[in-house]
Amino acid sequence: MGHPVLRTRAQPIPQSDITSARIQRLIDDMFETMHEYSGIGLAAPQIHESLRLFVAGVRDPDDAESGHEDDDMPLMTVINPTITVVGDETASGWEGCLSIPDIRGMVPRAATIQLDAFDRRGKRVKMAVKGLAARVIQHETDHLDGVLFFDRMTTFESLTFMEEFKRYWTKDDD
Ligand SMILES: [Zn+2]
């Protein structure tokens, strides 16, 4: 946080460039970085590449065994995304960010969205998304517009350091 690239609107990737060696290598590096930091999402501006690209997810999409539906998110590469909010239901949930280390806050997001984007093979993807995946996709798409999760918080009362999060905010009921 503080690097100007995080506050800059990132550039779309031309569809014909998606399968280029440079972009494919960048995607591989981003997955590696995301896993190294145990993140569930990483946008290109976070590694100082001002491109409309993010990687996200927690589960190998080929792994048939999936977690709880709302907590589940297959690994995905998302390029040039457009988000459309579906319905008017919002959900508040905890978010953190690899660019804002060791801090969590409660952020309201649309509960259900439609995602239109390209995958890493340059194919168009269109899907309705809810639960954790909807939250992560909104968080990461915000990065492509120079928006950080603080900007989406309606109050800062829930802002907490990780140590205090574990001590005061986590419940045993999930
Ligand atoms: Zn983030």
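The values are calculated or read from the model by the stated rules, or taken from the named source; none is laboratory data. All values reported here derive from a predicted model rather than from experimental measurement. When we count neighbours, we look across all protein chains shown, and the Cβ atoms used for this are built from the backbone with ideal geometry, even at glycine. Ligands, DNA and RNA are stripped out before the accessible areas are found, and what is left, the full protein with its side chains, is counted by its heavy atoms. Shrake-Rupley method; radii C 1.70, N 1.55, O 1.52, S 1.80 Å.
Within the range 77-109, restricting attention to residues that are small (Gly, Ala, Ser) and not in a strand (DSSP E or B), the residue that is least open to solvent (accessible area, probe 1.4 Å) is Ser99. Restricting the range 120-130 to residues that are open to solvent by less than 70 Å² (accessible area, probe 1.4 Å) and more than 15 Å from Ile83 (Cβ to Cβ), the residue that is nearest to the chain's Cα centre (by Cα) is Arg120. Remark: pairs (first residue in the range 85-113, among the polar types (S, T, N, Q); second residue part of a strand (DSSP E or B) and surrounded by fewer than 18 Cβ atoms within 10 Å (Cβ to Cβ); Cβ separation under 7 Å; 6+ apart in sequence or on different chains) = Thr90/Pro108; Ser92/Pro108; Thr112/Ala128; Thr112/Lys130. Consider the range 133-160 and keep the residues that are open to solvent by 70 Å² or more (accessible area, probe 1.4 Å) and under 20 Å from the mean Cα position of the chain (by Cα). The one that is farthest from the ligand (Cβ to nearest atom) is Thr154.
When you look at Val78, is it in contact with a Gly (Cβ under 7 Å, 6 or more places away or on another chain) and either within 16 Å of the ligand (Cβ to nearest atom) or touching a residue at least 60 places away in the same chain (Cβ under 8 Å) (or both), yes or no? For Val78, the condition - in contact with a Gly (Cβ under 7 Å, 6 or more places away or on another chain) and either within 16 Å of the ligand (Cβ to nearest atom) or touching a residue at least 60 places away in the same chain (Cβ under 8 Å) (or both) - is not met.
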